[in-house]
1. Quick check on the exposure proxy: order 19, 182 from fewest to most C-beta atoms within 10 angstrom.
2. In whole Å, what is the distance between the alpha-carbon centres of the stretch 47-124 and the stretch 172-209?
3. Quick one: length gained pulling residue 10 to residue 176 fully straight, 0.36 nm per residue minus the C-alpha distance?
4. Can you list the equivalent-ellipsoid semi-axes of the stretch 51-185, largest first and in whole Å, using the square root of 5 times each Cα gyration tensor eigenvalue?
5. What is the extension gain from residue 92 to residue 190, computed as 0.36 nm multiplied by their sequence separation minus the C-alpha to C-alpha distance, in nm to one decimal?
6. Order 163-176, 92-105 from most to least packed using the mean count of other Cβ atoms within 10 Å.
7. Take the alpha carbon atoms of the stretch 65-128, find their radius of gyration, then divide it by 2.2 N^0.38 Å using N residues; give the quotient.
8. Could you work out [θ]222 nm for the chain from helices alone, using -39500 (n - 2.57) per DSSP H run of at least four and dividing by all its residues? Round to the nearest 500 deg cm²/dmol.
């Protein structure tokens with residue numbers, strides 16, 4: 001009798017991992033990374049893992065019972081981590097609401113076979129980058145205007161990354177998509193400079209612009225190269241942003 005192999009569902013999109021991990025650790029670094037943020041990290045980590053079984057349940061009926069069990073397990077672990085934080089940070093309840101709204105939007109696009117739509121990507125970016133606000137809230141006990149603005153830096157940066165990746169993979173045969181990607185990155189850099197933001201943030205965006213300009217739009221995309229440049233660019237932007245915002 002052939003034994004069943006255990007298949008643990010985890011999200012496969014490497015970019016989405018970066019979109020919640022880097023903002024989270026940026027906020028943690030800025031606020032001093034108190035011990036309670038480790039509980040929040042566990043809560044967010046298991047909440048993020050739920051995306052994999054949810055996607056499998058939406059798209060197919062294969063291993064429905066197994067994926068449902070994984071979903072419930074992830075929710076349970078996320079809840080165990082979060083329940084210790086809620087009495088002290090009741091505002092955290094807002095984030096599951098945001099995630100649920102994002103889920104409904106994503107479900108709509110999946111039902112219409114348009115999950116790669118740019119609007120769906122933007123909704124995902126808005127939601128995943130909310131880990132910055134959550135971590136900032138737990139670390140600083142409040143979320144002010146400055147934190148919201150810093151969150152928007154990440155949203156703007158990752159939207160540029162989404163445009164860049166589309167222009168190199170799914171839209172690689174459309175030359176104009178590369179120009180849209182480059183134009184967005186250039187305008188974002190210009191906006192950062194005109195707003196007199198800390199120079200390190202502009203440097204991080206300049207690196208993103210150089211990536212978009214010099215990485216070729218090939219007929220056969222080199223996925224490993226695209227992924228590597230995205231990792232380096234995201235780490236550079238996040239590190240420079242933290243350095244710029246580090247409390248003096």
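1. Working: 19 27, 182 17.
Arranged by neighbour count, lowest to highest, 19, 182 become 182, 19.
2. Using only Cα atoms, the two centres lie 31 Å from each other.
3. Working: separation 166, 0.36 × 166 = 59.76 nm, distance 3.43 nm.
My answer for the length gained is 56.3 nm.
4. Numbers: eigenvalues 173, 123, 19 Å².
Value: 29, 25, 10 Å, ordered largest first.
5. Values: separation 98, 0.36 × 98 = 35.28 nm, distance 3.45 nm.
Full extension of this stretch gives 31.8 nm more.
6. Numbers: 163-176: 16.7, 92-105: 14.2.
Highest mean packing first, the order is 163-176, 92-105.
7. Values: Rg = 14.4 Å, N = 64, 2.2 N^0.38 = 10.7 Å.
Its radius of gyration relative to the 2.2 N^0.38 Å reference: 1.35.
8. Values: 11 runs with 183 residues, N = 248.
It comes out at -24500 deg cm²/dmol, rounded to the nearest 500.
None of the figures in this text is laboratory data; all of them are computed from the coordinates on show. Here the structure is a predicted model, which is why all the values come from computation and not from measurement. Here the Cβ is made from the backbone with ideal geometry for all residues, glycine too, and neighbour counts use every protein chain on show.
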